[in-house]
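Note sheet for the following structure.
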Amino acid sequence: MSRQYETVIGLEVHVELATKTKIFCGCSTEFGGAPNTHTCPVCTGMPGSLPVLNRQVVEYALAVGLAANCQINQYCKFDRKNYFYPDNPQNYQISQLYLPICHDGWVEIETAGGKKKIGIHEIHMEEDAGKLIHDEWENCSLVDFNRSGVPLIEIVSEPDMRTADEVIAYLEKLRMMIQYLGASDCKLQEGSMRADVNLSVREAGSPQFGTRTEMKNLNSFKAIARAIEGERKRQIELIEEGKKVIQETRRWDDNKEFSYAMRSKEDAQDYRYFPDPDLTPVVISDEWLEEIRNRQPELQPEKLKRYQEEFKLPEYDAKILTSSKHMADMFEETIAICGKPKEVSNWMMVEAMRLLKEHEQDPENMAFSPGNLAKLIDLVDKGIINRTVAKTVFEEIFARDADPEAYVEEKGLKIVNDEEALRKTVMQVLEANPQSVADYRGGKEKAMGFLVGQTMRAMKGKADPAMVNKIVKELLTKMI
Amino acid sequence: MSILELTALELGRKIKSGEVAVLEAVKASLDQIRKKEPAIHAYVTVDEQRAVKAAETVQKMIDNKMLTGPLAGVPVAVKDNLCTKDLLTTCSSNILYNFVPGYTAEAVSNLEKAGAVILGKTNMDEFAMGSTTETSAFGVTRNPWNPDHVPGGSSGGSCAAVASNECFYALGSDTGGSIRQPSSFCGVTGIKPTYGTVSRYGLIAYGSSLDQVGPIGKNVSDCAAVLEVISSYDKKDSTSVPRKDLDFTSALVNDVKGLRIGIPRDYLGEGLDDEVRQAVLDGAQTLKERGAVVEEFDLSLVEYAIPAYYVIASAEASSNLSRFDGVKYGLRAKEYEGLHQMYKKSRSEGFGPEVKRRIMLGAFVLSSGYYDAYYLKALRTKALIKQAFDKAFAEYDVILGPAAPTTAPRLGESLKDPLKMYLGDIYTISVNLAGLPAMTVPCGTDKRGLPIGLQLIGDCFQEKKIIRAGYTFEQTREGK
Amino acid sequence: MANMISEEIIDYVGILAKLELSQAEKEEAKKDMGRMLDYIDKLNELDTSSTEPMSHIFSMNNVFREDIVTNGDNRDDILKNAPEQKEGAFKVPKTVE
């Protein structure tokens, strides 16, 4: 009988903070830019340069720590992590080992298996490394320090996860929480959120953890799920073959769906951490902490509750609307203009979600102005356009933030309320379709639907369907 | 009297009154450099063109009354570990043989703003590691009093340049005695200020928690005036201390009545040369005659300062010097295979034996398993040493002692036995561990005619007390 | 010497510090480091069990910058000392296989 194994997973999540400047110098953190154009002596490790801490980094780290129910080290320090690599300009990274800013927190996740708390071991602040571009022509690498010194927080979980589903749920939870706090945009593809997976397996019921490996280079939820499955299998195979799992760092290649060890005899993995003498300790007073606490924005769980209570939305709808801070913001901005939460919610839930799915985009990508959606809702409400036309207009708003009023005007999409003109069109339709008229008279009620449809078509959808119905019926009856 | 015999302040006054032109002073210095350098070799770089150009600019600004300070137009020499924009800065190391910074150290920048004219960069022990200036990659500096002897170190070039009138004053740096010991050996005056008083921005770090920039001059008045100019609160240096008492020249008072001076018995014991002991005790007697209260006391822990210092300084140095890797600036080995060999070869070719020795010791004491036993132990010892000084300063205003156990040794004598050389720093090193201000003033010569220096140590932020004591002592020696 | 420094330790420290030593230099380094550590062991005479490690002399803390961009494009200055450069970047031996 084959043995049963349990997978034990802990995550190290790096998040790039949304500060305007780097953690220790006044260089811009803006993404892109030609190589080394956002650099200075500090973030390129020039001799004699010195770091000075960006206050905002501490505030973001505290905000995340509080949201993740962490204890705060009110006296925290920065340490140097020493290792040589070309993207690390000083050949030490300024990080926190001995006294990280936050520790011992938790977040709650929900999967098909139910709700579960995932422990947060610690959150610390550190600087990002530069970027290495590999030049195949000259068989060399090129170093760009634009990202060097961009502030990061590293969120280290406890080994509390057991499945890829839990890992994804945890990451989604962190992402949502941090986006709500405005501390980062958390884009996996752009690298502003990165996860390293620590994974080990053990026989079900065993009280001890197995030997773990650390996997890097995971830049999508799908890659993470595949890497977890791949590594789980690899470790179980090793154990079944009577071999040992080696504690090591492995790099996941998502194209080959395979990981390989990042070992080198030149890597001692001995980082010789010591307190950075160039930086002073950070002391977080009760007052400062209270200030941060009071400044915390409404987070998703509270918003979810409020949407149900205040706007009387069903839980399902409120969940989807609040799943993205950006979508929730757009929702709230729209109702701030036009009220009608139910209507706004409908447009978001049905049409916006449909279009996002069609274009394989995230809610974060919605770029239209709430004012335009409000105007659209107003146009429908006032009977200026009908619902069918409104859907087309919404597509224009979604795609290019079109002004619905101008668009309706330009395309002549207003409902025609001129009864005389409508009568004329209906007459023409009846004359053109004698068979249907005869069918109706012969008792086939259905034929009327066809004639209404033909009239709407002739009116290019701009007629008020109720009025068309009324006139068609009236004329058909009259002609008898 | 030749211009060269003037003190910096005397020259400054003559320039201000129009009696001496800036260019005249600069040319006199450059002539003296040409004459003396073959025998002394105090400079790594002399930039005549730059000095002449600066002289013209400064002269105009003095004429326009845009520069009115006491040092405007006075030529200065700068230790080669202080970055100077567009002027070669080598730290007397092969690894920086071609490094031209794009920025200027804050201390130098403050001097330039006050109208100083930089003649060039002075020789030093490589990366300030050494006590003789013999570890320079660019040749030894000789003692102007006797060229068979060392000038001391690591600011040996700066002190020799002042002693041989190759400049009117100089900047040095002091991590374990590097201003005070060579000042003693060269018969000049030097001040190591309280840690945090002069910005370290642009000072190429050796031991970041110990390094301070300070003045070296012909007398106490010059040093006080220079210190007043270079001291500033600098937002670019997180360890910079905001102070409101930087008017050091106000302490140039010829009076020590009631000043309580303590002489540590531990500073007069075994290892101290008899002639040095006598000169120091005579100096103490002189101050007593001028009204100071002088007594001997037990400072304790003196013999623990050196081992604690070598752990802390080497650990910090091993990390600080890891940025020299052949990637961003400085030496890259010509032949190598792959990244790690490039690192190893560049660093092995670029660093001299003393620097390698300290980097290796530092890497070792921080390495896994040794951190607590060595590094933390040294930091605890440092705390005890600070406590011992706190206790002493509760009793005394100034601590008086020798700056070095002997006068300048002969060239080649010290490097044979590194440990013995380290022991020579016994009276200076604890001052850096405790962050204290201290000063060396000449107090006599030995029978071979080599200078002896008297060290005056103050409590943190009490530069004015040692300046007053030093100034009063100096007045008693006029004409000696 | 109480502290005997082995060949392995010297090699290990060489990896950490990225230094390549000749055999003669290694022998010298073993001796020097052993002697220094013997000397440093003098610290063990002190009872420091009730003393906190002191990294900074002054109890200064919370030295911050505000989050305002102060630096522009300094690329030319940053690159001018590079031993090798290409397309605005520092050129190094290939870092991945």
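The values are calculated or read from the model by the stated rules, or taken from the named source; none is laboratory data. Bear in mind the structure is a predicted one, so any value in this text is a computation, not a measurement. In this analysis, Cβ positions are derived from the backbone assuming ideal geometry, glycine residues included, and neighbour counts consider all displayed protein chains.
Data overview
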{"read-out": "Number of the exception - B:R332 against (1) crowded, with 24+ Cβ neighbours inside 10 Å; (2) among the basic types (K, R); (3) at the interface with chain C (Cβ under 9 Å from one of its Cβ atoms)", "value": "(1)"}
{"read-out": "Single unsatisfied condition, A:N69 versus (1) touching a residue at least 40 places away in the same chain (Cβ under 8 Å); (2) closer than 25 Å to B:E316 by Cα; (3) more than 14 Å from chain C (Cβ to nearest Cβ)", "value": "(2)"}
{"read-out": "Sole exception among (1) of a type in the set (F, W, Y); (2) touching a residue at least 40 places away in the same chain (Cβ under 8 Å); (3) in contact with a helix residue (DSSP H, G or I) (Cβ under 6 Å, 6 or more places away or on another chain) for B:F364, by number", "value": "(2)"}
{"read-out": "Single match in B:A305, B:A363, B:A317, B:A373 (criterion: touching a Phe, Trp or Tyr at 6+ places or on another chain (Cβ under 7 Å) and on the phi < 0 side of the Ramachandran plot)", "value": "B:A317"}
{"read-out": "All positions within the range A:1-56 that are buried (at least 18 other Cβ atoms within 10 Å of the Cβ), outside any loop (DSSP other than H, G, I, E, B) and facing chain C (nearest Cβ under 10 Å)", "value": "A:T21, A:S28, A:L53, A:N54, A:Q56"}
{"read-out": "Total residues in the range B:47-88, condition touching a helix residue (DSSP H, G or I) at 6+ places or on another chain (Cβ under 7 Å), assigned to a helix (DSSP H, G or I) and touching a residue at least 40 places away in the same chain (Cβ under 8 Å)", "value": "4"}
{"read-out": "Leading residue by the ranking (modelled with the highest pLDDT) among those in the range B:296-344 that are among the hydroxyl-bearing types (S, T, Y) and part of a loop (DSSP other than H, G, I, E, B)", "value": "B:Y329"}
{"read-out": "Residue match in the range B:207-214 (condition: farther than 25 Å from B:A308 by Cα, in contact with a helix residue (DSSP H, G or I) (Cβ under 6 Å, 6 or more places away or on another chain) and surrounded by 24 or more Cβ atoms within 10 Å (Cβ to Cβ))", "value": "no"}
{"read-out": "Cβ-Cβ under 8 Å pairs, at least 6 apart or on other chains, the range A:225-238 side in a helix (DSSP H, G or I), far side among the charged types (D, E, K, R)", "value": "A:R226/A:D254; A:R226/A:E257; A:A227/A:D254; A:G230/A:E257; A:E231/A:R250; A:L238/A:K244"}
{"read-out": "Scan of the range A:71-85 for residues that are surrounded by fewer than 24 Cβ atoms within 10 Å (Cβ to Cβ) and part of a loop (DSSP other than H, G, I, E, B), ordered by number", "value": "A:N73, A:Q74, A:K77, A:Y83, A:F84, A:Y85"}
{"read-out": "Members of the range A:118-147 that are within 22 Å of A:Q96 (Cα to Cα), small (G, A, S) and over 24 Å from the mean Cα position of the chain (by Cα)", "value": "A:G130"}
{"read-out": "Any pair with Cβ under 7 angstrom, 6 or more apart, that starts in the range A:271-290 at a residue that is within 14 Å of chain B (Cβ to nearest Cβ) and assigned to a strand (DSSP E or B) and ends at one that is small (G, A, S) and surrounded by 22 or more Cβ atoms within 10 Å (Cβ to Cβ)", "value": "A:F274/B:A315"}
{"read-out": "Test for B:A404: is it outside any helix (DSSP H, G or I), closer than 18 Å to B:E303 by Cβ and either without any contact (Cβ under 8 Å) to a residue 60 or more places away in the chain or of a type in the set (A, V, I, L, M, F, W, C) (or both)", "value": "yes"}
{"read-out": "Subset of the range A:290-323 [within 18 Å of the chain's Cα centre (by Cα) and over 20 Å from A:I178 (Cβ atoms)]", "value": "A:D317, A:A318"}
{"read-out": "Residues within the range B:359-393 that are more than 7 Å from every other protein chain (Cβ to nearest Cβ), touching a Ser or Thr at 6+ places or on another chain (Cβ under 9 Å) and farther than 27 Å from B:G458 by Cα, tallied", "value": "2"}
{"read-out": "Odd one out for A:E138 among (1) free of Cβ contacts under 8 Å to residues at least 24 places away in the same chain; (2) in a loop (DSSP other than H, G, I, E, B); (3) more than 30 Å from C:E84 (Cβ to Cβ); (4) not hydroxyl-bearing (S, T, Y)", "value": "(3)"}
{"read-out": "Residues located in the range A:332-384, provided they are outside any helix (DSSP H, G or I), among the charged types (D, E, K, R) and in contact with a Ser or Thr (Cβ under 9 Å, 6 or more places away or on another chain)", "value": "A:K340, A:D362"}
{"read-out": "In the range B:337-358, residue surrounded by the most Cβ atoms within 10 Å (Cβ to Cβ) [restricted to those that are over 30 Å from the mean Cα position of the chain (by Cα) and more than 7 Å from chain C (Cβ to nearest Cβ)]", "value": "B:H340"}
{"read-out": "Any hit, the range B:196-214, residues being under 19 Å from B:S29 (Cβ atoms), in contact with a Ser or Thr (Cβ under 6 Å, 6 or more places away or on another chain), modelled with pLDDT of 95 or more and not in a loop (DSSP other than H, G, I, E, B)", "value": "no"}
{"read-out": "Yes/no for A:F450 being modelled with pLDDT of 85 or more, closer than 26 Å to A:I337 by Cα, of a type in the set (F, W, Y) and in a helix (DSSP H, G or I)", "value": "no"}
{"read-out": "Residue match in the range A:152-159 (condition: out of contact with any Leu (no Cβ under 9 Å at 6 or more places or on another chain), under 30 Å from B:V327 (Cα atoms) and within 14 Å of chain B (Cβ to nearest Cβ))", "value": "no"}
{"read-out": "Pair list, Cβ under 9 Å, 6 or more apart: the range B:368-382 residue free of Cβ contacts under 8 Å to residues at least 40 places away in the same chain and closer than 13 Å to A:R272 by Cα, other residue β-branched (V, I, T) and in a loop (DSSP other than H, G, I, E, B)", "value": "B:L376/C:T48"}
{"read-out": "Evaluation of A:L313 against (1) in contact with a strand residue (DSSP E or B) (Cβ under 8 Å, 6 or more places away or on another chain); (2) hydrophobic (A, V, I, L, M, F, W, C); (3) buried (at least 18 other Cβ atoms within 10 Å of the Cβ) (one fails), failing number", "value": "(1)"}
{"read-out": "Candidates A:Y98, A:Y60 - the one that is assigned to a loop (DSSP other than H, G, I, E, B) and either aromatic (F, W, Y) or not assigned by TED's automatic domain parsing to the domain that holds A:R147 (or both)", "value": "A:Y98"}
{"read-out": "Qualifying positions in the range B:359-377 - of a type in the set (G, A, S) and under 24 Å from the mean Cα position of the chain (by Cα)", "value": "B:G362"}
{"read-out": "Some residue of the range A:250-271 being modelled with pLDDT under 95, under 19 Å from A:V8 (Cα atoms) and surrounded by fewer than 18 Cβ atoms within 10 Å (Cβ to Cβ)", "value": "yes"}
{"read-out": "Residue list for the range B:187-243, filter: polar (S, T, N, Q) and more than 16 Å from the chain's Cα centre (by Cα)", "value": "B:S221, B:S232, B:S238, B:T239, B:S240"}
